[in-house]
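What follows is a set of notes on a single structure, which appears directly below.
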Protein chains: 2
Amino acid sequence: MSNKKPVLYTSLSPALLKLYEIKQSIVVIIDVLRATSTIATALSNGAKEVIPVDSVDECIRIGKQMRAITAGERDGKVAEGLQYGNSPFEYPASFIENKTLVLTTTNGTKLLHMALTNGANEIITGSFANIDAVCEYLIKSGKPVLLACAAWKDRVNIEDTLFAGAVINKIESYFEIDCDASKIAHRTYQDASADLYEYMKKQNATHFQRLSKFGLEKDIKHCLTNNTAPVLPIYKEGKLTKG
Amino acid sequence: MSNKKPVLYTSLSPALLKLYEIKQSIVVIIDVLRATSTIATALSNGAKEVIPVDSVDECIRIGKQMRAITAGERDGKVAEGLQYGNSPFEYPASFIENKTLVLTTTNGTKLLHMALTNGANEIITGSFANIDAVCEYLIKSGKPVLLACAAWKDRVNIEDTLFAGAVINKIESYFEIDCDASKIAHRTYQDASADLYEYMKKQNATHFQRLSKFGLEKDIKHCLTNNTAPVLPIYKEGKLTKG
């Protein structure tokens, strides 16, 4: 067995994904506000599966076909033709247990499909809600890792960068990290770690503005809290299920 | 006259350039190690002009045609067929005064041409060597600004991010900055500002490794020092000249 540590890279935007080795890596899809937080929450609360889809039309079509719950937002509102939104608070156990959730989001689900198109063989989703489950899995697997930030319409954002940095902060000793983006993410997390919510607020992060405009500070706070949904969502054959 | 401040954005990689408004903006090309540091140094030391070109072949062709000095490196060595390298120390006044330098580099000159292709109308180059000249010009012009990092083969790097952050640190009060990448760059600079060289070393930045492998720590130090070449390189009709 080789003593060499596996490599870890961070892609700060979907537009940078193509630069990284993806086929042999575990790709961690990161969309903290709020897709991957909601995926972890729904699965943690007993959802049978979450089906991430690219578009509202596809969401409606698959929702009908599977008699599943459909969810997705566009511009801060439940998209026309869908039933629910992107907030983790919409998916308590009393509602989501044993159900299938078909979810479309602006950035996270798109990035997941982009990773697939680029040849990813192993995809999981990460968020503060399930950070320890993600980190334990990455350490245990011993494979190369690509932390893939969903960003906002390809623009680098603070919250996904913070999560990449938080993961690196926990697992850096297990990996070889020769990647400036990872180092920037790590330092950004260390800068913010005393209070992630206050940091997002003080920096007036673009997504902080977007969500607080809709009164969703509660969502932001929840999505920046560790281990509220301690599961590992693994993508296989079109579905995310608990690993 | 409007009281609204002009906007400022940061593109952390050439692969992200397309996301930003470029036609109405002053685009600052940033390739700290070492293209834009060398451009400032050559012009500050009296070079008549610097002609940035995409490829070694083009560099040879234009060099011959203009009887100019040709320069460029590939993989840390002077490229075959060219005369000089990328180090600012190669261009003292005694050598470069009144001469034309035709320069090709891996990232900086490529980004400059990409900006042109994308419709940029006003391009300058920035580096720590000429940071105050750049900042004064940006403040005075009152136009939107795009800080465009050359990065390394599209991968985000620390040194160009640091320079974007250093500029923001100086001029933020004159601009509206609603851009997470700018905020990350700004905080990264503040984190590093006590000693940029030590920061690059401690973080083991990829370009720090690359250059120190060739014994070029002296170049790194010089390229992280403020105002050693206090000029404003402005691009017009294929040439960079002192503004």
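Pairs, please: C-beta under 7 Å, at least 6 apart or cross-chain, first residue under 11 Å from B:Glu159 (Cβ atoms) and in the stretch B:188-211, second surrounded by fewer than 21 Cβ atoms within 10 Å (Cβ to Cβ) and among the basic types (Lys, Arg)?
The qualifying pairs are B:Tyr197/B:Lys221; B:Phe208/B:Lys201.
Quick one: which of B:Gly142, B:Gly108 is touching a strand residue (DSSP E or B) at 6+ places or on another chain (Cβ under 9 Å) and in contact (Cβ under 8 Å) with a residue 60 or more places away in the chain?
One residue alone meets the criteria, B:Gly108.
Here is a check on your reading of the model: is A:Asp219 at pLDDT 95 or above, among the acidic types (Asp, Glu), within 19 Å of A:Gly126 (Cβ to Cβ) and surrounded by 16 or more Cβ atoms within 10 Å (Cβ to Cβ)?
yes
Any idea how many residues of the stretch B:41-70 are closer than 16 Å to B:Gly238 by Cα and of a type in the set (Gly, Ala, Ser)?
Residues meeting the conditions: 4.
In the stretch B:79-131, how many are of a type in the set (A, V, I, L, M) and farther than 15 Å from B:Ala40 by Cβ?
Count: 8.
Give the residue, chosen from A:Thr105, A:Thr125, A:Thr100, that is within 21 Å of A:Phe163 (Cβ to Cβ), in contact with a Gly (Cβ under 9 Å, 6 or more places away or on another chain), of a type in the set (Ser, Thr, Tyr) and modelled with pLDDT of 95 or more. Step through it out loud before you land on a result.
Numbers: A:Thr105 fails: modelled with pLDDT of 95 or more; A:Thr100 fails: within 21 Å of A:Phe163 (Cβ to Cβ).
Checking each option against the conditions leaves just A:Thr125.
When the residues of the stretch B:48-86 are filtered to those that are free of Cβ contacts under 8 Å to residues at least 24 places away in the same chain and under 16 Å from B:Thr38 (Cβ atoms), which remaining residue is surrounded by the fewest Cβ atoms within 10 Å (Cβ to Cβ)?
Selected residue: B:Lys77.
Does at least one position in the stretch A:173-183 carry a residue that is modelled with pLDDT of 95 or more, under 21 Å from A:Thr241 (Cβ atoms) and of a type in the set (Asp, Glu)?
No, the conditions are met nowhere in the stretch A:173-183.
So for the stretch A:17-33 (the condition being among the polar types (S, T, N, Q) and more than 17 Å from A:Gln83 (Cα to Cα)), does at least one residue qualify?
yes
Would you mind finding the one in A:Glu58, A:Glu73 that is closer than 11 Å to A:Thr104 by Cα and assigned to a helix (DSSP H, G or I)?
Working: A:Glu73 fails: assigned to a helix (DSSP H, G or I).
Unique residue meeting the criteria: A:Glu58.
Within the bounds of the stretch B:16-26, is there any residue that is touching a residue at least 40 places away in the same chain (Cβ under 8 Å), more than 27 Å from B:Asn118 (Cβ to Cβ) and surrounded by fewer than 24 Cβ atoms within 10 Å (Cβ to Cβ)?
No: the stretch B:16-26 contains no residue that is touching a residue at least 40 places away in the same chain (Cβ under 8 Å), more than 27 Å from B:Asn118 (Cβ to Cβ) and surrounded by fewer than 24 Cβ atoms within 10 Å (Cβ to Cβ).
The values are calculated or read from the model by the stated rules, or taken from the named source; none is laboratory data. Just so we're clear, the structure is a prediction, and the values are computed from it rather than from any experiment. Glycine also receives a Cβ, built like all others from the backbone with ideal geometry; neighbour counts cover every protein chain displayed.
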